[in-house]
Amino acid sequence: AEDTASLPLILYRRLPRGKERALASPYYTLMHDAPNPEHTSMVFREFILGHLLGWGNFYGQLITDSAGIVREIWPLDPSRMQVFRENGVRKYLYKLQNGTERPFRQENILHIPAFGFDGLQGYSRITLARESIGLALAAEKYGGKFFANDARPSIALKHPSALSEAAYERLIKSWNEKYSGSDNAYKTAILEEGMDVTTIGLPPNDAQFIESQRWTIAQFGRVFRIPPHMLGDVDRSTSW
């Protein structure tokens, strides 16, 4: 959104041969400089791309003068907008912050939809890529628990004899307090009464946790059509 917003939005007039900037048009200033008194043109373009990617739709309220010329465009929260057809006419119903609903006619709304199926609203990239996002969240959750436990999947403490329930609980509590967590990594453990320690689970390389993180970056790059180097993934970049 930021990179796209940094590009100028210029209105041109078509000529018999070629084109020229339509500086005399009221829409040139509206598009190139500022769509309303509060937002610059760049911020406005960030709104458009951000809403399209996050929600799948951009809605802007068009403010016209007595001659019907659009003088201002105000972005609307896409999560509060309902779009429907009534008697073959597209209509918009917007929920205000106080909870009341305000209807809009089609000519009063600038609606830019992303890809969709019903012809009314677009789908967000997040909705279309929900499985990739779910995998990324699962990887983050796994990574948090992985490193919170000193990067060990789990530890088994072997005791040569049976323990009472009180001794069992006391042993687990004592072990976790002394050796669990990254702050306690590499501490020396002293085992008594013939106890032994065994690591259970796959090591990080076999679990390919790091590779899953890299795959997640590449997958989101595909979803949003962003080159890997713009996301900081430069491992396989050969040129700029």
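All of the numbers you see were taken from the coordinates with simple rules; none came from a lab. What you are looking at is a predicted structure, and each value in this text was computed from that prediction instead of being measured. Note that each Cβ is placed from the backbone with ideal geometry, even for glycine, and that neighbours are counted across all protein chains shown.
Points 7 angstrom from Cα along the Cβ direction at K91 and D65: gap in nanometres?
Going from the K91 label point to the D65 one covers 3.2 nm.
Under the 0.36 nm per residue contour assumption, what length would be gained going from the current alpha-carbon distance of V223 and I112 to full extension?
38.0 nm
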